1. Which residues does a label at Ser162 reach in the range 1-17, if reach means a backbone N under 17 Å from a point 7 Å past the Cα toward the Cβ?
2. Name the residues whose placed amide hydrogens come within less than 5 Å of the amide hydrogen of Leu137, ignoring near sequence neighbours (fewer than 5 apart) on the same chain.
3. Might you work out the accessible area of Met139 for me, using a 1.4 Å probe with all protein chains in place, and round it to the nearest 10 Å²?
4. Over all directions, the average projected area of the alpha-carbon convex hull for the range 1-139 comes to how many nm²?
5. If you take every DSSP beta bridge fully contained in the range 21-156, what fraction is antiparallel? Give it as a percent rounded to 5.
6. Under 1.5 on a/c is rounded, so check that first for the range 127-166, then, if it is not, pick prolate when a/b is larger than b/c and oblate when it is not; a ≥ b ≥ c are the square roots of the alpha carbon gyration tensor eigenvalues.
7. With a Förster radius of 35 Å, plug the Cβ-Cβ distance of Glu96 and Asp53 into 1/(1 + (r/R0)^6) and report the FRET value to the nearest 0.05.
8. Provide the per-residue ³J(HN,Hα) series for the range 179-188, in order, calculated from phi with Karplus coefficients 6.51, -1.76, 1.60 and θ = phi - 60°, each as a whole number of Hz, with x at glycine and proline positions.
Amino acid sequence: MVKVAPSVLSANFAELKKDLDSIRDAGADWIHYDVMDGHFVPNISFGYSILNDVSQVSDLYLDVHLMISHPRQYVKEFINAHASLITFHIEAMENEEETRELIQMIRQHHVDVGMSIKPQTPVSEIEKYLKDVDLVLVMSVEPGFGGQSFQTGAVDKIQELSKLKEKYDFLVEVDGGINEQTGLLCKEAGVDILVAGSYIFNAENRKKAIDSLK
């Protein structure tokens, strides 16, 4: 069964603890925490101080997705704010040396490491790192823009990564436009974690929405 990671970007921050309790009780496995800097992506969300607040009121695994330029500059702050997993974008990295240093930096603090690719980035761009990461996040929309439709090219990437999982030990996650229909496509392709925001938080019955993805 796949894991479901509701994205708190769609939560009501005036009622954050209530929303976090609601998704936990509804069967969420992880919390997906999107960090946007207005530079790497054309939107701004929240940083490490709110992540620390989230960690104080929820015991769910904290899946932190850094959609930011210069992730190395900020990664220790997110580690200190109790991230369980830190995922950064390969497109934000300057070169292989810097990428490997960042992977090592996260891992030495006993935090899981993820790597993400945008819709236009092929799996081949990250294949050389797969033995060193715990997760690959496939973006099925262009990061930073809300309300986009699921891009079906993500399904091909999930299938490609599922074959590579036989050789390396990592999980495959997908984020963007996930609902019952697109989630099924991803599950059939071999995904391990589905990220969904408005589909869950805007649902009249959040348990039913989460169950529909499992």
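1. 1-4
2. Counting only residues 5 or more places away or on other chains, the set is Met115, Ser116, Ile117, Glu173.
3. 10
4. On the way: hull surface 34.4 nm².
Over every viewing direction, the Cα hull of the range 1-139 projects on average to 8.6 nm².
5. Numbers: 1 of 21 bridges.
For the range 21-156, the DSSP antiparallel bridge percentage is about 5.
6. Numbers: a/c = 3.77, a/b = 1.82, b/c = 2.07.
Because a/c hits 1.5 or more and a/b fails to exceed b/c, the range 127-166 counts as oblate.
7. Numbers: r = 35 Å, r/R0 = 1.01.
It comes out at approximately 0.50.
8. 9, 4, 6, 5, x, 5, 4, 5, 5, 5
The values are calculated or read from the model by the stated rules, or taken from the named source; none is laboratory data. The structure presented is a predicted model; accordingly, all values stated were derived computationally and were not measured. Heads up, the Cβs are rebuilt from the backbone with ideal geometry, glycines too, and the neighbour counts pull from every protein chain shown. Accessible surface areas use protein heavy atoms only, side chains included; no ligands, DNA or RNA. Shrake-Rupley method; radii C 1.70, N 1.55, O 1.52, S 1.80 Å.
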